[in-house]
1. Among 75, 58, 68, which is more than 28 Å from residue 126 (Cα to Cα), of a type outside the set (Lys, Arg) and in contact with a strand residue (DSSP E or B) (Cβ under 9 Å, 6 or more places away or on another chain)?
2. Is it the case, given these coordinates, that residue 80 is over 28 Å from residue 141 (Cα atoms) and in contact with a strand residue (DSSP E or B) (Cβ under 7 Å, 6 or more places away or on another chain)?
3. Need the failing condition index for residue 98 against (1) crowded, with 17+ Cβ neighbours inside 10 Å; (2) assigned to a helix (DSSP H, G or I); (3) of a type in the set (A, V, I, L, M), just the number.
4. From the list 28, 40, 46, 23, which one is modelled with pLDDT of 95 or more and under 24 Å from residue 96 (Cα atoms)?
5. Take residue 133 and decide whether it is more than 25 Å from residue 8 (Cα to Cα), β-branched (Val, Ile, Thr), surrounded by 19 or more Cβ atoms within 10 Å (Cβ to Cβ) and not assigned by TED's automatic domain parsing to the domain that holds residue 18.
6. Determine whether residue 72 is under 13 Å from the mean Cα position of the chain (by Cα) and surrounded by 14 or more Cβ atoms within 10 Å (Cβ to Cβ).
7. When only residues in segment 39-69 that are outside any strand (DSSP E or B) and of a type in the set (Val, Ile, Thr) count, which is surrounded by the fewest Cβ atoms within 10 Å (Cβ to Cβ)?
8. Any idea which of 36, 79 is surrounded by 13 or more Cβ atoms within 10 Å (Cβ to Cβ) and in a loop (DSSP other than H, G, I, E, B)?
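The values are calculated or read from the model by the stated rules, or taken from the named source; none is laboratory data. Not measured: the values here are computed from a predicted model. Note: ideal-geometry Cβ built from the backbone for every residue, glycine included; neighbour counts use all protein chains shown.
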Amino acid sequence: MNGFSFDNDVRLQLYRQFVASGEPPTSENLAAGMGRPLAEVRAALERLAAGKAIVLQPESREILMANPLSAVPTPFRVRSQGRWFFGSCVWDAMGIVAMLGDEAVLDASCGCCGEAMGLTFRAGEPLPAEGVVHFAIAARRWWENIVFT
């Protein structure tokens, strides 16, 4: 198995486990689920992070983001398939809805006043709503500091 193929397999397993449970899998869970040595899985995660496919936590090197999914609670919460998922931003939260392609509710708040805001989706499509999605940083600059963005 070549490195690219293995890395892709690790990434797919990561997403499968994350979506199935609503929580990011640990490196150990990924290795166990794949029947592969932990060191190989951790090396693949590092390569995926270097390629900007995922973001690892700085200290533990466990999953922080597997975009559009966030491993930590954020103000962009999606309820779908009986589970809660967090997006790192509203764009990622909408990406979760698109990825799942199911009914969903996206809970967020206004960035300037804090007013609760929500979007409802049916079969991955948004129902009519009023509001503006604002991106403070141009998309071309997101990876300059993806955790802040």
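1. After applying the criteria, what remains is 58.
2. Answer is yes for this residue.
3. It fails just one condition, (1).
4. Of 28, 40, 46, 23, the one residue that is modelled with pLDDT of 95 or more and under 24 Å from residue 96 (Cα atoms) is 46.
5. No; evaluated as a whole, the condition is false for this residue.
6. no
7. 54
8. Of the residues listed, the single one that is surrounded by 13 or more Cβ atoms within 10 Å (Cβ to Cβ) and in a loop (DSSP other than H, G, I, E, B) is 36.
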